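Participant: Structure in structure tokens, see below.
The values are calculated or read from the model by the stated rules, or taken from the named source; none is laboratory data. A quick note: this is a predicted structure, and the numbers were derived from the prediction, not measured. We place every Cβ from the backbone using ideal geometry, glycine too, and count neighbours over all the protein chains shown.
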Protein chains: 2
Amino acid sequence: MRISVHDARHPDSIGKQAIIRGWVRTRRDSKGGFSFIEVNDGSSLGGLQVIADATLANYESEVKKLTTGSSVTIAGEIKPSGGKGQATELLASSVEVHGWADAEAYPLQKKQHSLEKLREWAHLRPRTNTFGAVARLRNCISRSIHNFFQEDGFLYVNTPIITASDCEGAGAMFRVTTLDLEKLPKVDGKVDNSQDFFQKPAYLTVSGQLEGEIFACALGKIYTFGPTFRAENSNTSRHLAEFWMVEPEVAFNDLDDNMTLAERFLKRMFSDALSQCGEDLKFFNEHVDTTTIATLEKLATSEFRRISYTEAISILETCGEKFDYPVSWGCDLQSEHERYLTEKKFDGPVILYDYPRSLKPFYMRVNDDGKTVRAMDVLVPKVGEIIGGSQREERLEVIEGRMAEQHLNPADYWWYLDLRRFGTVPHAGFGLGLERAVQFISGMANIRDVIPFPRTPGSAEF
Amino acid sequence: MRISVHDARHPDSIGKQAIIRGWVRTRRDSKGGFSFIEVNDGSSLGGLQVIADATLANYESEVKKLTTGSSVTIAGEIKPSGGKGQATELLASSVEVHGWADAEAYPLQKKQHSLEKLREWAHLRPRTNTFGAVARLRNCISRSIHNFFQEDGFLYVNTPIITASDCEGAGAMFRVTTLDLEKLPKVDGKVDNSQDFFQKPAYLTVSGQLEGEIFACALGKIYTFGPTFRAENSNTSRHLAEFWMVEPEVAFNDLDDNMTLAERFLKRMFSDALSQCGEDLKFFNEHVDTTTIATLEKLATSEFRRISYTEAISILETCGEKFDYPVSWGCDLQSEHERYLTEKKFDGPVILYDYPRSLKPFYMRVNDDGKTVRAMDVLVPKVGEIIGGSQREERLEVIEGRMAEQHLNPADYWWYLDLRRFGTVPHAGFGLGLERAVQFISGMANIRDVIPFPRTPGSAEF
């Protein structure tokens, strides 16, 4: 019976005849006339130890030539193992080799490679322990996201990737075109955009929020989960040109409901990672960041403090800490301020809310004080902001005023304003970047290492 | 307690004090001094009947002015209902109005609008019965897809959307650029692509398959599920420029395994739709296509016939049916041929396999006959092909030969070829377009009506 390495490692498998298929991680030959082969198939971090002895027909001709990266099908009986860190091992009755990996040519030899080097080999790095663990963790978090919202009755909505609404001002956008750049059609000396595929300029989305609001204002509770794009020329360990974002949006929710949802959501994600990805988290805890598991366990259970922006400013002004950027009411908080609050002051997750209206986009709901809007940021230790969201402005006249304030043209937003014209409702939502979450949970230092094929300035290989 | 309309309609809710929030679908006033208000919140197709009587403080001033599309919060007690098609109704103790919908201005009045007209109002159409049902069905199918693969130990992998590998020849591609089209930088009279964001031309992906193979050849069983793009100028009821595709890829699977996986996958999707989306499917069955439910029930249980391309050609040549396109070995099958096989000849799902090599891409595994490759298409009644896939060519020399045959440059595929150089394994996978599946399951005639915001030539609004 074909079984996974994950299942073969479980004591329940002892005594079974099994066929496993995977890749050789290591082989060492014992003097006693047999070899130990560690085989991994991606189903778990740990591999299965295979005992291949000299009686195998192809022992000398093939088994003893197996090197790291070779692919094999091995049949045999699963036995209890005396080796440490493993409950079982496979006593091989046959070893079939599918593909060799020439030790001279194959880049992934036993020696450790730098993460930078492995980025050049993005087609091979999933075969390493670190990137296998990242892939399983990323899968676990994505599953947790879907399960959380599905169990709560949210509808998964696919908002558009290509959009002609250059609306949101959330960041620089990529243009999408079928025009031949070597032979651009022109009218009156300008590019004739009417000949482009969409008959006008179109871009890659920076957020599905505005379209998400359409569905929330029709069907109640929805979430998006898909790729979003930023064309900023940022070469940092926290920025990607292409990343995945999850954005729930809920009709009739106010900002308090939104905070409660964000807290429940994050806790579920952290506890799912702990309960379903234990072996991989242990690996990160040992090799990447020794505080990973303790941090997650704490966050999964601690209460998220809710502090208004105004209170936060007064804490920061009077705390006596030296900051590179001075703090006063009306300023944007820097990473150092956020980290002070979540790491030093409260030593736990913090939700900041009610930010100055001048700092925030037109769609956030204006408070009665006229000075602040119903924005919120969820801050966690080590990374600072992990979620940003708001209650949306549902009052037509107020949002029109805010658009005028920010010199936006209401005609560009006719459909967004219609949501306020016809059966408007209070509603709220937030956004979480998947890669930031994977980065936080794994402790991986560079965001390029938590997405299969990172897109950054100058880099779109694979 | 705030509950959904879905829950409020269930007999278990009878006797409960409840708060529901949603939008008015209809209001009619009885002569006896009360009004019936049907409220929908997206949680189910059916709305909740609310009895609002004249003793409500705002009965004359507000309740009697409620029109279709207005948003309300209503508190009261859930009672058994004598009305047909409903087990419960809500006796209102208070009605709060959040937003009005001026009957003169609000486009969605009681009268039926054409689907074409509703596409212009894509921001309002989710508020209709049809598009609410589509949204819930689409959500159900997406959930079913994730659950099927997750329960089977597949890893969800996000392959890149932007790619500089213009590799696959699967179709016309959109270019992604940050160059200012009005002021293109030039060298030697040509566009200087080195100044573009990725320092070379980049495109929107047409398929995640090749990158998916990278992960399957490292971690065993994976699937992608994300947006893909085609820049073809196709204005048909079956084509979108942006659509969602699911693509599983499995190491060590051969074509038979691949067919088995595809069959299990489709059956799960159909049976989940039947068991979890019954009310919405009933709506489609009544209003859209009266064969919908019967077709699904049949497909969820019937065996998928497996017929080689060669057998199919001989059936078509001898069946006596008149086709617009003549049939002979080596020709591409047309929709009329596929539909004859699945609808008339076998009256059920059919998997065709082993197509002529000349018809298929370089990456499909060549059979020992040298003439055919291990391709497969799953055909279902009404739509024809719903899944296409293949066993991949894992032999380095063979795939290099195939690339030469098709005038492809191996240097463009260095990483893809590395998968065959180092620990190569037999592997196979397939692709399913989400919208085609939703179209098939719902019976909706036009693919633009099963995606929230369709992108087609000339159209990227919202």
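Participant: Test A:ALA133 against the stated conditions and say whether it is in a helix (DSSP H, G or I) and touching a Phe, Trp or Tyr at 6+ places or on another chain (Cβ under 8 Å).
Facilitator: Judged against the criteria, A:ALA133 is a match.
Participant: If I ask for residues that are farther than 21 Å from B:ASP377 by Cα, in contact with a Pro (Cβ under 9 Å, 6 or more places away or on another chain) and of a type in the set (Ser, Thr, Tyr), which ones from segment B:224-275 would you list?
Facilitator: Within segment B:224-275, B:SER234 is the sole residue that qualifies.
Participant: Could you list all residues from segment A:386-401 that are crowded, with 21+ Cβ neighbours inside 10 Å and of a type outside the set (A, V, I, L, M, F, W, C)?
Facilitator: Of everything in segment A:386-401, those that are crowded, with 21+ Cβ neighbours inside 10 Å and of a type outside the set (A, V, I, L, M, F, W, C) turn out to be A:GLY389, A:SER390, A:GLN391, A:ARG392, A:GLU393, A:GLU394.
Participant: Could you tell me whether B:GLN195 is at the interface with another protein chain (Cβ under 8 Å from one of its Cβ atoms), farther than 23 Å from A:TRP244 by Cβ and more than 27 Å from the chain's Cα centre (by Cα)?
Facilitator: So B:GLN195 fails the test.
Participant: Of the residues B:LEU240, B:LEU255, B:LEU316, which single one is under 20 Å from B:ILE141 (Cβ atoms) and of a type in the set (A, V, I, L, M, F, W, C)?
Facilitator: Only one candidate qualifies: B:LEU240.
Participant: Output the residues belonging to segment B:57-86 that are touching a helix residue (DSSP H, G or I) at 6+ places or on another chain (Cβ under 8 Å), surrounded by 15 or more Cβ atoms within 10 Å (Cβ to Cβ) and farther than 17 Å from B:GLY22 by Cβ.
Facilitator: Across segment B:57-86, there are no qualifying residues.
Participant: Quick one: which residue in A:SER194, A:SER207 is free of Cβ contacts under 8 Å to residues at least 12 places away in the same chain and among the hydroxyl-bearing types (Ser, Thr, Tyr)?
Facilitator: A:SER194
Participant: Which of the strands (runs of 3 or more DSSP E) found entirely inside segment B:368-442 contain at least 3 residues meeting this: among the acidic types (Asp, Glu) and free of Cβ contacts under 8 Å to residues at least 60 places away in the same chain?
Facilitator: No strands (runs of 3 or more DSSP E) qualify here.
Participant: Can you work out which of the residues in segment A:266-276 that are in contact (Cβ under 8 Å) with a residue 40 or more places away in the chain and surrounded by fewer than 22 Cβ atoms within 10 Å (Cβ to Cβ) is nearest to A:ASN158 (Cα to Cα)?
Facilitator: This residue is A:ARG268.
Participant: Let me confirm something: among A:GLU77, A:GLU38, A:GLU89, A:GLU104, which residue is at pLDDT below 95 and acidic (Asp, Glu)?
Facilitator: So the residue among A:GLU77, A:GLU38, A:GLU89, A:GLU104 that is at pLDDT below 95 and acidic (Asp, Glu) is A:GLU104.
Participant: Still on this model: Given the residues A:LYS79, A:LYS117, which is the only one that is charged (D, E, K, R) and more than 24 Å from B:LEU417 (Cβ to Cβ)?
Facilitator: Among A:LYS79, A:LYS117, only A:LYS79 is charged (D, E, K, R) and more than 24 Å from B:LEU417 (Cβ to Cβ).
Participant: On the given criteria, is A:ALA164 surrounded by fewer than 24 Cβ atoms within 10 Å (Cβ to Cβ), facing another protein chain (nearest Cβ under 7 Å) and of a type in the set (Gly, Ala, Ser)?
Facilitator: Spelling it out, A:ALA164 is indeed surrounded by fewer than 24 Cβ atoms within 10 Å (Cβ to Cβ), facing another protein chain (nearest Cβ under 7 Å) and of a type in the set (Gly, Ala, Ser).
Participant: What are the residues in segment A:240-273 that are within 13 Å of chain B (Cβ to nearest Cβ) and over 30 Å from B:ARG21 (Cβ atoms), if any?
Facilitator: A:LEU240, A:ALA241, A:GLU242, A:PHE243, A:TRP244
Participant: Hey, could you check segment B:298-320 for residues that are part of a helix (DSSP H, G or I) and touching a residue at least 60 places away in the same chain (Cβ under 8 Å) and say which is farthest from B:LEU274 (Cα to Cα)?
Facilitator: B:THR310
Participant: I've got another one for you. Inspect all residues belonging to segment B:289-297 and state whether any of them is free of Cβ contacts under 8 Å to residues at least 24 places away in the same chain, assigned to a helix (DSSP H, G or I) and not charged (D, E, K, R).
Facilitator: Checking segment B:289-297: at least one residue is free of Cβ contacts under 8 Å to residues at least 24 places away in the same chain, assigned to a helix (DSSP H, G or I) and not charged (D, E, K, R).
Participant: Still on this structure, please answer the following. Condition first: in contact (Cβ under 8 Å) with a residue 40 or more places away in the chain and either at the interface with chain B (Cβ under 7 Å from one of its Cβ atoms) or within 18 Å of A:ALA411 (Cβ to Cβ) (or both). Can you find one or more residues in segment A:174-181 that meet it?
Facilitator: Scanning segment A:174-181 turns up at least one residue that is in contact (Cβ under 8 Å) with a residue 40 or more places away in the chain and either at the interface with chain B (Cβ under 7 Å from one of its Cβ atoms) or within 18 Å of A:ALA411 (Cβ to Cβ) (or both).
Participant: So, one more: Could you please find all residues in segment A:70-85 being in contact with a strand residue (DSSP E or B) (Cβ under 6 Å, 6 or more places away or on another chain) and either touching a residue at least 40 places away in the same chain (Cβ under 8 Å) or within 20 Å of B:PHE252 (Cα to Cα) (or both)?
Facilitator: A:SER70, A:SER71, A:VAL72, A:THR73, A:ILE74, A:ALA75, A:GLY76, A:GLU77, A:ILE78, A:LYS79 - these are the residues of segment A:70-85 that are in contact with a strand residue (DSSP E or B) (Cβ under 6 Å, 6 or more places away or on another chain) and either touching a residue at least 40 places away in the same chain (Cβ under 8 Å) or within 20 Å of B:PHE252 (Cα to Cα) (or both).
Participant: Further question on the same structure: From B:LEU333, B:LEU299, B:LEU316, grab the single residue that is buried (at least 17 other Cβ atoms within 10 Å of the Cβ) and over 23 Å from B:PHE430 (Cα atoms).
Facilitator: Just a single option satisfies the conditions, and that option is B:LEU316.
Participant: Report, by residue number, each residue of segment B:128-160 that is within 7 Å of chain A (Cβ to nearest Cβ) and touching a residue at least 60 places away in the same chain (Cβ under 8 Å).
Facilitator: Answer for segment B:128-160, where residues must be within 7 Å of chain A (Cβ to nearest Cβ) and touching a residue at least 60 places away in the same chain (Cβ under 8 Å): B:GLY132, B:ALA135, B:ARG136, B:SER142, B:ARG143, B:HIS146, B:GLY153, B:LEU155, B:TYR156, B:VAL157, B:ASN158, B:THR159.
Participant: So how many residues does segment A:200-239 have that are under 21 Å from the mean Cα position of the chain (by Cα), among the aromatic types (Phe, Trp, Tyr) and facing another protein chain (nearest Cβ under 9 Å)?
Facilitator: Going through segment A:200-239 one residue at a time, the tally reaches 1.
Participant: Is it the case, given these coordinates, that B:ARG28 is part of a strand (DSSP E or B) and within 14 Å of chain A (Cβ to nearest Cβ)?
Facilitator: no
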